[in-house]
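Since the structure comes first, as structure tokens, the remarks are kept for the end.
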Amino acid sequence: MEINEVKELLKQFNDSNLTEFDLREGSFELYMNKNQTSRQTAAPVQPESVTETVAAPVPATSTETESAPPTVKSTEEGQVITSPIVGIVYLQPSPEQPAFKSVGETVKQGETVCIIEAMKLLNEITSEFDGTITEILVENEDVVEYGQPLFRIN
């Protein structure tokens, strides 16, 4: 990544309402945080699955990317799939098609639950376990932050 690209990302981050941004591309890592607490004091996140690039729900240049996988957190009410990256979440493959999953539907390990667009790359988010979707915690086209809960699954 070129220095002018990093400067542009920093400018966009400062102008946005995001409080945290984490980018990993190959061996390159960039972490920006507007919070007062340091990254080391945040709760550790454990990677659980791999994300892939898929067909675009909106016009975008799509190539394969290596990004942090979604994390799965245990709660009293089931499992929670969280966002592995900062970006825009798409709950359906394209505007004309139905959502990947709805509340009450079953999901199997490896099944796509949504797509997150980050830096014009579309990352397929998959479930790491079998269950039933009990809650969708985001709206289509919401901007999501790293670690933000997306789905609750029992």
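Taking the Cα centre of the range 78-154 as reference, the dipole from Cβ charges on Lys and Arg (+1) and Asp and Glu (-1) amounts to some 120 debye.
Remark: the range 98-154 carries 46 Å² of accessible area per residue (probe radius 1.4 Å; ligands, DNA and RNA excluded). Taken along the Cα-to-beta-carbon direction at a fixed 7 Å, the label points for residue 9 and residue 94 span 3.1 nm. Between residue 143 and residue 103, the distance separating the two model label sites (each 7 Å from Cα on the Cα→Cβ line) works out to 2.6 nm. Annotation for the range 1-31 versus the range 123-154: alpha-carbon center distance of 24 Å.
The values are calculated or read from the model by the stated rules, or taken from the named source; none is laboratory data. Keep in mind that what you see is a predicted model, and the values were worked out from it rather than measured. Because the Cβ atoms are built from the backbone with ideal geometry, glycine has one as well, and the counts that use them run over all protein chains shown. Heads up: the accessible areas ignore ligands, DNA and RNA and are worked out on the full protein's heavy atoms, side chains in. Shrake-Rupley method; radii C 1.70, N 1.55, O 1.52, S 1.80 Å.
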